[in-house]
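Worksheet: the structure to be examined is printed underneath.
The values are calculated or read from the model by the stated rules, or taken from the named source; none is laboratory data. Everything quoted here is computed from the prediction, not taken from an experiment. Heads up, the Cβs are rebuilt from the backbone with ideal geometry, glycines too, and the neighbour counts pull from every protein chain shown.
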Amino acid sequence: MAESKLVAQSSKFGILPTGEQVLKYTLRNSNGLEIDLLEYGAYLSAIRVPVKKGGVIDVLLGYDDLQGYLDDKIYCGCVVGRVANRIGGAKFTLDGHTYNLDKNRGEVHLHAGYSGMNTLLWSSKVNGNSVQFSCVSPDGASGYPGEVRADLSYTLTNDNEIVLDYSANTSKKCPLNMTNHAYFNLQGGTETIYTHKLTLNSSKYTALDNNLVPNGEFIEVSGTPYDFTAGKLIGQDIASSNGGYDVNYCINDKVKHSKCDQLKLCAEVETSEISMSIFTDQVGVQFYSGNFLDPSKLGKKGVPFFKHQAFCLETQGYPNSVNQPAFPDTIVSPGQTYTHATLIQFKF
Ligand code: BGC
């Protein structure tokens, strides 16, 4: 695979309250596609797509400065780890021991709690057309057992692909289920995502309880507003989707990536200027239509966020797997390595 040309190795992005410096990386490929990455929270903070009609569209929500990311409560492009999405009752039992986790959304644990990997300053290095981030999540972080050493590399190719490779090891048996929480709007975010056409390679999703926690059951999408198998505008049935979409779709093992059998096509999104395909080796993808985006919070250029401004497609193991024995296992033991690969391809 041809390598992208690295235009800017790094620039200073800001200083943390601890006095530590945070670097921002920019990768640019031969087609002019650029991504920005932050050492703090391993954020993917911008994807600038040069479009045919001229100009560049930044397809990600984010903030202008480090303070915006420090204050971020919506996981606006960061890594989520150790465990993505909700854990019911904010607890789980492993080998007879019950672990109580941070309750950071009512009675529920969301996106790894208060001390998730999104709150860490990651170390970083550039390797060809990749930036490799590493962090250590201490034993007991947010209530989880084991010291976890995690790596996440972002690679930009000249095929306009962004590849996210996660790996992690633990000193004690624990659940691991990492994702990235980028908010996309392929039109730049001035309007809602309603005219984006979404296709999901999924015929069922994990059913939720009243706290949006998967209860172990599955729901077939056929004949419901949740059916994106044939592709439709996100806005078409959103009014019948309980305030917007926020469920984990189970990915059908159907279309493989042409260069990598492990990666399955999970989603495609199209607008008149840009299309985006997501491939992953994970079993699920959270389609979240930005239902809780809040206009009292300001994003890039000081512009307020608004409901349904952006969507997330968070590739993952099924949420709450640790409490649902029938779901694919997310437990990792010492000596094992957790891995996750997701590839996002742009056409423009
Ligand atoms: C969850 C939403 C949550 C959002 C931001 C998504 O992954 O499914 O329920 O509000 O993240 O925290």
Residue identified as in contact with a Gly (Cβ under 7 Å, 6 or more places away or on another chain) and under 29 Å from LYS301 (Cβ atoms) among ILE162, ILE234, ILE238:
ILE238
How many residues does the range 74-93 hold that are within 12 Å of the ligand (Cβ to nearest atom) and assigned to a helix (DSSP H, G or I)?
0
Which members of the range 228-243 meet the condition of being among the hydroxyl-bearing types (Ser, Thr, Tyr) and closer than 17 Å to LEU265 by Cβ?
THR229
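Results for (1) closer than 25 Å to GLN286 by Cα; (2) among the hydrophobic types (A, V, I, L, M, F, W, C); (3) surrounded by fewer than 18 Cβ atoms within 10 Å (Cβ to Cβ), shown as yes or no for each residue.
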position: LEU110; (1), (2), (3): yes, yes, no
position: SER123; (1), (2), (3): no, no, yes
position: VAL126; (1), (2), (3): no, yes, yes
position: SER130; (1), (2), (3): no, no, no
position: VAL136; (1), (2), (3): no, yes, yes
position: ALA141; (1), (2), (3): yes, yes, no
position: TYR144; (1), (2), (3): yes, no, no
position: ALA150; (1), (2), (3): yes, yes, no
position: VAL163; (1), (2), (3): yes, yes, no
So the strands (runs of 3 or more DSSP E) completely within the range 240-348 holding 1 or more residues that are at pLDDT below 95 and more than 16 Å from the ligand (Cβ to nearest atom) are 260-270
Among the candidates TYR154, TYR114, TYR99, TYR166, single out the residue that is touching a Ser or Thr at 6+ places or on another chain (Cβ under 9 Å) and in a loop (DSSP other than H, G, I, E, B).
TYR114
Please find, within the range 249-278, the residue that is surrounded by the fewest Cβ atoms within 10 Å (Cβ to Cβ) out of those that are under 25 Å from ILE74 (Cα atoms) and touching an Asp or Glu at 6+ places or on another chain (Cβ under 9 Å).
SER275
Hey, any hits in the range 197-212 for a residue that's farther than 18 Å from GLN316 by Cβ, in a helix (DSSP H, G or I) and in contact with a Gly (Cβ under 8 Å, 6 or more places away or on another chain)?
no
Which condition number in (1) on the phi > 0 side of the Ramachandran plot; (2) in a strand (DSSP E or B) is the one that ALA42 fails?
(2)
Here are some conditions: (1) under 23 Å from GLN336 (Cβ atoms); (2) buried (at least 21 other Cβ atoms within 10 Å of the Cβ); (3) more than 15 Å from the ligand (Cβ to nearest atom). GLY116 meets all but one. Which one does it not meet?
(3)
